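We did not get these values from a lab; they are worked out from the coordinates using the rules stated. Because the structure is predicted, anything quoted here is derived from the model rather than measured.
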Amino acid sequence: MNFIEGEVLYIDKPLQWTSFDLVNKTRYMLRRSLGVKKIKVGHAGTLDPLATGVMILCTGKATKKIDGFLHQDKEYIATIKLGATTPSFDKETEEDGTYPTEHITQDLVEQVLQQFVGDIQQTPPVFSAIRIQGQHAYELARKNIDVEIPTRTIHIDEIELLQYNLPYITIRVACSKGTYIRSLARDLGKALGSGAYLEALQRTKIGSVCLTDCINLEQLQEIIEQEKII
């Protein structure tokens, strides 16, 4: 492998790491092992700190391939808690409301899920990396500054219920670039006449790259140490 000339790496992002943490760690490992002061490393599509799964990193001249990966479809496995909401639509913030779930059945969940298949309008979370007047929305939200996030059209190819165990459900979602699973959880709660937020998220696919194709950071370090090719 020639990391400086350019390599594409498939990494399983650890829980609690930001996408930038993963890029910075990879850059540090490469610089230290290869004995270079600078090396390009970029990622193709962010994952929230509370999400795990497929991330594509590109090094050297391969960073030119990033745009191509960004536009590919994604697949996720999401665990959603019904009957409550949070400001961030996930576990980053505390629950701020509770709602009834007695009327929710497995059949109802399966029926409502199909309402989200196809082109739908979605409003990204306020706690997101979307830029508003030059700042990330989450930076403004954490300062308690009201922000208005415009809706966008996204496409969901498939959505299916994998597990039903109230107040939790687990779903698989195959969707287009730009889809926020946190927003999908929020909207699903509303459609069920309740509330909901994202409990856990794993990205299982980007384009044709599956989670089984990915390596962890320990394996990446072993590869770098074994290769040491500039």
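Worth pointing out:
- Aspartates and glutamates whose Cα lies under 13 Å from that of K13, excluding same-chain neighbours fewer than 8 positions away: D21, D48, D213, E218
- Percent breakdown of C-alpha pair distances by 5 Å bin, ordered from the shortest bin, for the chain: 1, 7, 13, 17, 17, 15, 11, 8, 5, 3, 1, 0, 0
- Amide hydrogen neighbours beyond the local backbone of T52, cut-off 5 Å, H modeled: L201, Q202, R203
- Principal-axis analysis of the Cα atoms of the chain puts helix 19-34 at an angle of about 10° to the longest axis.
- From phi via Karplus (6.51, -1.76, 1.60), per-residue ³J(HN,Hα) for the range 77-87 in Hz, x at Gly/Pro: 10, 10, 9, 10, 9, 8, x, 7, 10, 9, x
- Cα centroid of the range 7-48 to Cα centroid of the range 169-198, whole Å: 29 Å
- The gain in end-to-end length when the L162 to Q106 segment is fully stretched comes to 19.1 nm, 0.36 nm per residue minus the alpha carbon separation.
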